[in-house]
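The values are calculated or read from the model by the stated rules, or taken from the named source; none is laboratory data. Everything numeric in this text was worked out from a predicted model, so none of it was measured. A quick note on method: Cβ atoms are made from the backbone with ideal geometry, for glycine too, and the neighbour counts reach across all protein chains shown. Only protein heavy atoms, including side chains, enter the accessible area calculation; ligands, DNA and RNA are left aside. Shrake-Rupley method; radii C 1.70, N 1.55, O 1.52, S 1.80 Å.
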Amino acid sequence: MSDQAELEFSLMRERVERLLAMLDVKRANGGLNADETKAYEVAEIRLFGAGASPKKFARLEAQQVDGVLRDQYRFSGGFQTGRMSSRGAQIQNLTRDVLGEDGAAEAVLVDLIADGCSYVELVAASPVDLPVARKLALLVRPGLIAAAKKVFVWSDWNAVEARITPWLAASEGAEAVLETFRASDRDSKRADNYTIAAADIFHKSPSEVTKPERQIGKVVILACGFGGSVGALSAMALSYRIHLEPAEARRIVDAWRQANPWAPAFWNALWDAAMQAWELPGTITTAGRAAFVFHADYLGGSLFMALPSGRLLTYPRPKWRDVDVLDKDGKPTGERRTECSFRRGHGRVKLWHGTLCENLVQGTAADLLRNTATRIETNPKLAFMPIRMTCHDEIVTEVDEARAEKAKALLRREMLTLPDWAAGLPLQSEENICAWYTKSKAALGSKS
């Protein structure tokens, strides 16, 4: 009886994602039995049916004016970083998954959307057998369609945050990482940083790294680059449908940090510089390409972090305080710990080296995007390719079909043009052309 009482059943999103990831692995290695197949279907309905993506279709319809979606962004809505945030249909938070093998099922449904079909007609016409909510979620992105006789031309920086982080560190070890990026940019046959990270983790030659192992390399760079540990890695892995046991996640984190000692050194340098600036008001301290200063008379005392562009990120009223230690479900454990935090709105946010690194990197990425978008929008020669959307590190323009290739070349040129303050940062971009906004390889003819 007591054993039964201790059993815990939950349909929390994280646990449903973990279940799906585990079943994905089993399906790839021999298949699922009847009960597991039913569990998979129920988990998908729970995960996607409770998500916000299906609701976006209603917002797209309600917020469009004469077929044009407007007022979807909030300037500098990213609080600490100053990144653009999205509202309404949440354009910057669309699923990357596609409908059907490589997105091959999208095209016919895009035509129906363009003709103004109903939800019922859209779901009924889908050739892929999925829960209704999942189908709608996968059609939000391709539901954004260019005007008649026009196409979208867009460009996305390749691994921009993974490049910005070592560039900001400005150390010998970090420069070696940047050289790897430069080498793979010059020769696509060379191993990229995700492959090299996987090779370090699995102790094998880059040429022997498999596609699933490379995906682990990508996840660990994205999850651990800002000081994240086992929790951050496991959470991000789930978003890629990868399940990691705690011991394996711990081994991967340790292996990555051992292979990249420049990263922990940079995090520590950021924290030390911030704390020194706080202790000595008016004194400018530096770490890599970042600088800090504390002004006691601004907003009750504020720590400032200067980005390479010169823009300042503000951390008002920093202080140390005792807080409750929470368990995995967010409940107090009864233990207390001392934590540094700063004021945000009517509450407080934890401040640690991961916060500083993440804010620094994402703020720098935001400055790059603003600089590039401003050049495009203010250049009279580029007036034929107005920007219709931005999505994190991606710029989407709309042009006449006949001028698409020209726009593609010019957009790439602008994406790879560095502002003076970003000298030495290796950038690479990928451009696409399509009548609708998509990640479909079938529509774009892109390689994996």
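Worth a mention:
Okay, residues lined up against (1) within 21 Å of residue 166 (Cα to Cα); (2) in contact with a helix residue (DSSP H, G or I) (Cβ under 8 Å, 6 or more places away or on another chain):
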| residue | (1), (2) |
| --- | --- |
| 191 | yes, yes |
| 208 | no, yes |
| 211 | no, no |
| 242 | no, yes |
| 262 | yes, yes |
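- Screening the candidates 38, 55 for the property of being of a type outside the set (S, T, N, Q), at pLDDT below 75 and farther than 20 Å from residue 240 by Cα yields one hit, 55.
- Any hit, the range 250-270, residues being in a loop (DSSP other than H, G, I, E, B) and modelled with pLDDT of 90 or more: yes
- Scanning the range 57-93 for residues that are of a type in the set (A, V, I, L, M) and part of a strand (DSSP E or B), we see that the one that is farthest from residue 310 (Cα to Cα) is 65.
- Looking only at the range 1-20, and only at residues there that are of a type in the set (A, V, I, L, M) and modelled with pLDDT under 75, the one that is farthest from residue 242 (Cα to Cα): 1
- If you go through the range 192-211 and keep only what is among the polar types (S, T, N, Q) and part of a loop (DSSP other than H, G, I, E, B), you end up with 205, 210.
- Close Cβ contacts (under 6 Å, 6 or more residues apart or on different chains) running from residues in the range 207-236 that are at pLDDT 90 or above to residues that are of a type in the set (Lys, Arg) and open to solvent by 60 Å² or more (accessible area, probe 1.4 Å) comprise 230/250.
- Residue list for the range 148-161, restricted to those being touching a residue at least 12 places away in the same chain (Cβ under 8 Å), open to solvent by 10 Å² or more (accessible area, probe 1.4 Å) and out of contact with any strand residue (DSSP E or B) (no Cβ under 7 Å at 6 or more places or on another chain): 159, 161
- Identity of the residue in the range 301-313, within 15 Å of residue 285 (Cα to Cα) and without any contact (Cβ under 8 Å) to a residue 40 or more places away in the chain, that ends up surrounded by the fewest Cβ atoms within 10 Å (Cβ to Cβ): 312
- Strands (runs of 3 or more DSSP E) contained entirely in the range 336-448, each with at least 1 residues that are within 23 Å of residue 92 (Cα to Cα) and open to solvent by less than 60 Å² (accessible area, probe 1.4 Å): 387-391, 394-400, 429-434
- Picking from residues in the range 286-300 that are surrounded by fewer than 18 Cβ atoms within 10 Å (Cβ to Cβ) and of a type outside the set (A, V, I, L, M, F, W, C), the one that is farthest from the chain's Cα centre (by Cα) is 297.
- Members of the range 381-437 that are among the acidic types (Asp, Glu) and either within 27 Å of residue 164 (Cβ to Cβ) or without any contact (Cβ under 8 Å) to a residue 40 or more places away in the chain (or both): 393, 394, 405, 414, 420, 430, 431
- Single residue of the range 319-335 satisfying the filter (in a strand (DSSP E or B) and among the basic types (Lys, Arg)) that is farthest from residue 300 (Cα to Cα): 321
- Selection count, the range 177-191, where residues are open to solvent by 40 Å² or more (accessible area, probe 1.4 Å) and either part of a loop (DSSP other than H, G, I, E, B) or without any contact (Cβ under 8 Å) to a residue 60 or more places away in the chain (or both): 6
- Top-ranked residue in the range 184-216 [being out of contact with any Asp or Glu (no Cβ under 8 Å at 6 or more places or on another chain) and small (Gly, Ala, Ser); ranked as nearest to residue 241 (Cα to Cα)]: 197
- Scope the range 209-234; condition open to solvent by less than 30 Å² (accessible area, probe 1.4 Å) and either of a type in the set (Asp, Glu) or over 17 Å from the mean Cα position of the chain (by Cα) (or both); matching residues: 209
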